[in-house]
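Engineer: Below is one structure. I have some questions about it.
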């Protein structure tokens, strides 16, 4: 894709995001709740020289460092302007649409790449979250940039691109931790004979990203007196994923593993979650059929419940139903996009495919809320665009003989 096309996609995305920022700022503000307040608290403490502290005398264990640093940097320059954060994020997320278009352009025909960029520009959840002081916007930009470098590294066999992808992976994990284990997930692929030539680059990718993340892991050890790779949350979410009453329709219930293990209440959060995580693993080993059924249920909900349906249903149940129907149509088109996968584009497509497999597995093991899936919706849109191109070609081919 040429620079002019990328600029048009960027400007289209930016116009939609700025439209929300200036036209209806109360909508994203209404959904900035617990997480946004926690990141704000850490950022303010950083500005005051107190370090990564969420509350007085309480070093944060639930918030990775990069997003609070981002907030503190913007606040320091703009005089604590929340508007400036949202404005900058509108530009960042518009860049994400261009990154997706560029990735798609390395894999699929130009029409599919352009379609992917335009879909990302107009996708309502991306527009909404670009205006919220949450980690999604910054993470998605870093994550897509990393995926672009990996796509080029697979296509070109370039170790330098693997190394740069390692830097971005480390920084992205320190924004949001769910992709922490992706290098391990990718490792079996790299050991295949066909990809042995890429092994050196992959090692650079894994080592550089691990080195960056380990700086925060060491900080956690000294701050909390135990091992904590990035932040707490995994054990809690693993427990959530096997609860039959975790959902009230499309809304998540507020539950705690302490209802089942009250004896853990006085432990530090990371110790409590470690114990809970081990109990969930024990349950999985002793009840494999039941546990597998729960994972399958989580997988289905992860991909079929669209981001923002609960918000829209609060406005109108009819709008919520139509929004759900639109999501199913997009999934159907994305499945058609698989017909665009060929021997020629399979290798550069591998990073995106492996990310989809990774998120499907990891977010079935933990509670897969739609918001957690949001960064990976880019790939759904990419395959959706490719599917539309495939369907257009199929219809055109059918009409040809008839004429």
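Engineer: I'm trying to understand the selection: among the residues of segment 25-59, which are assigned to a loop (DSSP other than H, G, I, E, B), surrounded by 11 or more Cβ atoms within 10 Å (Cβ to Cβ) and either in contact with a helix residue (DSSP H, G or I) (Cβ under 6 Å, 6 or more places away or on another chain) or at pLDDT 90 or above (or both)?
Structural biologist: Correct list: 50, 51, 52.
Engineer: Mind telling me which of the residues 122, 112, 72 ends up being in contact with a helix residue (DSSP H, G or I) (Cβ under 9 Å, 6 or more places away or on another chain), farther than 19 Å from residue 374 by Cα, surrounded by fewer than 22 Cβ atoms within 10 Å (Cβ to Cβ) and modelled with pLDDT of 95 or more?
Structural biologist: It is 72.
Engineer: Checking the condition out of contact with any strand residue (DSSP E or B) (no Cβ under 9 Å at 6 or more places or on another chain) and in contact (Cβ under 8 Å) with a residue 40 or more places away in the chain, which residue from 356, 322, 381 passes?
Structural biologist: Every option except 381 fails the conditions.
Let's see how each residue does on (1) farther than 30 Å from residue 320 by Cβ; (2) in the same structural domain as residue 59 (by TED's automatic domain parsing); (3) assigned to a helix (DSSP H, G or I):
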site	(1), (2), (3)
255	no, no, no
266	yes, no, no
278	yes, no, yes
282	yes, no, yes
285	yes, no, yes
289	yes, no, yes
294	no, no, yes
298	no, no, yes
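Engineer: List the number of the failed condition for residue 258; all other conditions in (1) farther than 28 Å from residue 355 by Cα; (2) surrounded by 12 or more Cβ atoms within 10 Å (Cβ to Cβ); (3) modelled with pLDDT under 90 hold.
Structural biologist: Of the numbered conditions (1) farther than 28 Å from residue 355 by Cα; (2) surrounded by 12 or more Cβ atoms within 10 Å (Cβ to Cβ); (3) modelled with pLDDT under 90, the odd one out for residue 258 is (3).
Engineer: Also, I was wondering about something else. Looking at this structure, is residue 194 modelled with pLDDT under 95 and under 16 Å from the mean Cα position of the chain (by Cα)? Don't jump to the end; show me each part of the working.
Structural biologist: Working: modelled with pLDDT under 95: yes; under 16 Å from the mean Cα position of the chain (by Cα): no.
So residue 194 does not fit the description; no.
Engineer: If a residue counts only when it is assigned by TED's automatic domain parsing to the domain that holds residue 282 and surrounded by fewer than 16 Cβ atoms within 10 Å (Cβ to Cβ), which helices (runs of 4 or more DSSP H) contained entirely in segment 320-403 have at least 2 such residues?
Structural biologist: It comes to 343-365, 377-402.
Engineer: Please work out which one of (1) over 22 Å from residue 64 (Cβ atoms); (2) part of a helix (DSSP H, G or I); (3) touching a residue at least 40 places away in the same chain (Cβ under 8 Å); (4) under 24 Å from the mean Cα position of the chain (by Cα) is the condition residue 242 fails and give its number.
Structural biologist: Unmet condition: (2).
Engineer: Condition first: in contact (Cβ under 8 Å) with a residue 24 or more places away in the chain and either surrounded by fewer than 15 Cβ atoms within 10 Å (Cβ to Cβ) or assigned by TED's automatic domain parsing to the domain that holds residue 59 (or both). Now tell me which residues in segment 192-218 satisfy that.
Structural biologist: Once the filter is applied, which keeps residues that are in contact (Cβ under 8 Å) with a residue 24 or more places away in the chain and either surrounded by fewer than 15 Cβ atoms within 10 Å (Cβ to Cβ) or assigned by TED's automatic domain parsing to the domain that holds residue 59 (or both), segment 192-218 yields 197, 200, 207, 211.
The values are calculated or read from the model by the stated rules, or taken from the named source; none is laboratory data. Keep in mind it's a predicted model, so treat the numbers as computed, not measured. We place every Cβ from the backbone using ideal geometry, glycine too, and count neighbours over all the protein chains shown.
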